[in-house]
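J.: Could you have a look at this structure, given as structure tokens, before my questions?
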Amino acid sequence: MSKILFISAHAPTNLYPQAGQKIALSNLNKYHLDNTTVDVVVIANKAEINAATDLIGKYKNNLFTYSLNKSDKIISCLTNLSIPFKFSTRYQKAVAHKLQALLAKNTYDAIHFEYSHAAVYLDFIKPLINSKNTHTVISIHDVVSQSFLRQSENNLILGIEVARLFKFEKKIYSNVDQLWVLSTKDRNILTSLFAIPENKIIIKPPQLSDFIYKIKRNIEKVDQKSLLFWAAMNRSENEQAAINFIQECFVNLLKIDSEYKLYIVGSNPSAKIRKFASENIIVTGFIENPTQFFEKAQIGIVPLLQGAGIKLKTLEMLQAGLPVISTSIGAEGVETSKNIFINDRFDDWVNIITNLASGKLTIDELSR
């Protein structure tokens, strides 16, 4: 019988409205076979753990959860100053003690770190591994250094943190047997930026939401001049993307034609986002089945200016058949040029959207 230790920096679940948690559950379930036992250690925000009833029901006595609040993260950062902050927030003494106990009584065939910052325990675990045959894996959702680098321009403190992150990431990625990434783009970053051998890297494209494959778009259902932004709105990069788009593009679209509509569909929109709600800007909050918005929106938008890694929101709108306008960050890792137009200037988006909405041009024609 195989034995796996799965350590995750977020709760693997289909019941929390963010893409990463669903990817984590998909990776966890790959190990869950009849002849395999999986011990699952989760260090995550309390809301995620409370939502993960599918995880709790399935793994029961083999599940060990550790919920975090802001004070826990601050204390961890202050007591582990040698570790970059993104990683030190997940280092908890109680978790280290549990891992020590598990490794003392079990011989694992594989130790899997889900999210790079779960691997903050790698140095602690390595001396405790009692088999030379134990395989170590990190599943990388985002290259953390890349995300922070984009925020560090003209910010000395963040610039210092980027340097610490780069050194730390290079170390952990070099010291495991295998790395899982979501796209060719991330693999290329690891090989070029961190000098990781390509044969250590496995590309595992993310599984899309089940409802995406049931969407049936047709001209009768589509609302002309309607736009869809599909995202978890409690993430700061998504919130800022929506605000930037509204202020720098959508208000100008309404000056041209007051019939334009923007659907902001996703969980936990902040007060900043809700204040934009109007007849033309529909803020839905969490929607259990958002099929109707994918079927009636004319154009999908991904106006992200921050973040790293492949964007599931972009892949899902493309899979559903929407023409998509995206920034280069929103299109990262997307390996098709079909039905997506990439542009980083919101001033240009006004003309792009009006041409697409009126039918004067298609995505293919815009791309020529």
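J.: If I ask for residues that are under 26 Å from the mean Cα position of the chain (by Cα) and either farther than 25 Å from Glu48 by Cα or of a type in the set (Lys, Arg) (or both), which ones from the range 246-274 would you list?
T.: Ile246, Gln247, Glu248, Cys249, Phe250, Leu262, Tyr263, Lys272, Arg274
J.: Further question on the same structure: Does the range 335-366 hold any residues that are surrounded by 15 or more Cβ atoms within 10 Å (Cβ to Cβ), in contact (Cβ under 8 Å) with a residue 40 or more places away in the chain and more than 20 Å from Glu248 (Cα to Cα), and which are they?
T.: Result: Ile363, single match.
J.: So, one more: Starting from the range 232-243, keep only residues that are over 9 Å from Gln306 (Cα atoms), then list their pairs with residues that are hydroxyl-bearing (Ser, Thr, Tyr) whose Cβ atoms are within a distance under 6 Å, requiring at least 6 positions of separation or different chains.
T.: Listed by first residue and then by second, the contacts come to Ala232/Ser267; Glu239/Ser270.
J.: While we're on this one: For Gln292, which of the numbered conditions (1) part of a loop (DSSP other than H, G, I, E, B); (2) farther than 28 Å from Trp180 by Cβ fails to hold?
T.: (1)
J.: Go through (1) loosely packed, with under 15 Cβ neighbours inside 10 Å; (2) part of a loop (DSSP other than H, G, I, E, B); (3) at pLDDT below 95 for Ala232 and report which single condition fails.
T.: (1)
Okay, residues lined up against (1) touching a Phe, Trp or Tyr at 6+ places or on another chain (Cβ under 7 Å); (2) part of a loop (DSSP other than H, G, I, E, B); (3) at pLDDT 95 or above; (4) among the aliphatic types (A, V, I, L, M):
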{"residue": "Arg164", "(1), (2), (3), (4)": "no, no, no, no"}
{"residue": "Tyr173", "(1), (2), (3), (4)": "yes, no, yes, no"}
{"residue": "Leu179", "(1), (2), (3), (4)": "yes, no, yes, yes"}
{"residue": "Ala195", "(1), (2), (3), (4)": "no, yes, yes, yes"}
{"residue": "Asn199", "(1), (2), (3), (4)": "no, no, yes, no"}
{"residue": "Leu208", "(1), (2), (3), (4)": "no, yes, no, yes"}
{"residue": "Phe211", "(1), (2), (3), (4)": "no, no, no, no"}
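J.: Those residues that are of a type in the set (Asp, Glu) and either in contact with a helix residue (DSSP H, G or I) (Cβ under 6 Å, 6 or more places away or on another chain) or loosely packed, with under 14 Cβ neighbours inside 10 Å (or both), I need them from the range 183-216; list them, please.
T.: Residues satisfying the conditions are Glu198, Asp210.
J.: Taking Ile287, is it assigned to a loop (DSSP other than H, G, I, E, B), assigned by TED's automatic domain parsing to the domain that holds Gln240, surrounded by fewer than 18 Cβ atoms within 10 Å (Cβ to Cβ) and touching a strand residue (DSSP E or B) at 6+ places or on another chain (Cβ under 9 Å)?
T.: So Ile287 passes the test.
J.: Among the residues of the range 290-299, count how many are crowded, with 19+ Cβ neighbours inside 10 Å and out of contact with any Lys or Arg (no Cβ under 8 Å at 6 or more places or on another chain).
T.: Going through the range 290-299 one residue at a time, the tally reaches 4.
J.: Please enumerate the residues belonging to the range 38-53 that are in a helix (DSSP H, G or I) and either modelled with pLDDT of 95 or more or not acidic (Asp, Glu) (or both).
T.: Lys46, Ala47, Ile49, Asn50, Ala51, Thr53
J.: Quick one: in the range 43-66, of everything that is in contact with a strand residue (DSSP E or B) (Cβ under 7 Å, 6 or more places away or on another chain) and either touching a residue at least 40 places away in the same chain (Cβ under 8 Å) or of a type in the set (S, T, N, Q) (or both), which residue is surrounded by the fewest Cβ atoms within 10 Å (Cβ to Cβ)?
T.: Selected residue: Asn62.
J.: Please go through the range 256-282 and pick out each residue that is of a type in the set (A, V, I, L, M), over 16 Å from Asn244 (Cβ atoms) and either touching a helix residue (DSSP H, G or I) at 6+ places or on another chain (Cβ under 8 Å) or in the same structural domain as Tyr16 (by TED's automatic domain parsing) (or both).
T.: Answer for the range 256-282, where residues must be of a type in the set (A, V, I, L, M), over 16 Å from Asn244 (Cβ atoms) and either touching a helix residue (DSSP H, G or I) at 6+ places or on another chain (Cβ under 8 Å) or in the same structural domain as Tyr16 (by TED's automatic domain parsing) (or both): Ile256, Val265.
J.: Same structure, new question: I'd like the full set of residues that are in contact (Cβ under 8 Å) with a residue 12 or more places away in the chain and assigned to a helix (DSSP H, G or I), limited to the range 103-122.
T.: Leu103, Ala104, Ser116, His117, Ala118, Ala119, Val120, Tyr121, Leu122
J.: Go through the range 309-330 and count every residue that is surrounded by 22 or more Cβ atoms within 10 Å (Cβ to Cβ), on the phi < 0 side of the Ramachandran plot and either among the small types (Gly, Ala, Ser) or not assigned by TED's automatic domain parsing to the domain that holds Phe245 (or both).
T.: Qualifying residue count for the region: 3.
J.: Report yes if Ser82 is among the polar types (S, T, N, Q) and part of a helix (DSSP H, G or I), otherwise no.
T.: no
J.: State yes or no: is Thr314 of a type in the set (Val, Ile, Thr) and in a loop (DSSP other than H, G, I, E, B)?
T.: In short, no.
The values are calculated or read from the model by the stated rules, or taken from the named source; none is laboratory data. Just so we're clear, the structure is a prediction, and the values are computed from it rather than from any experiment. FYI the Cβ positions are ideal-geometry reconstructions off the backbone, even for glycines, and counts take in every protein chain you see.
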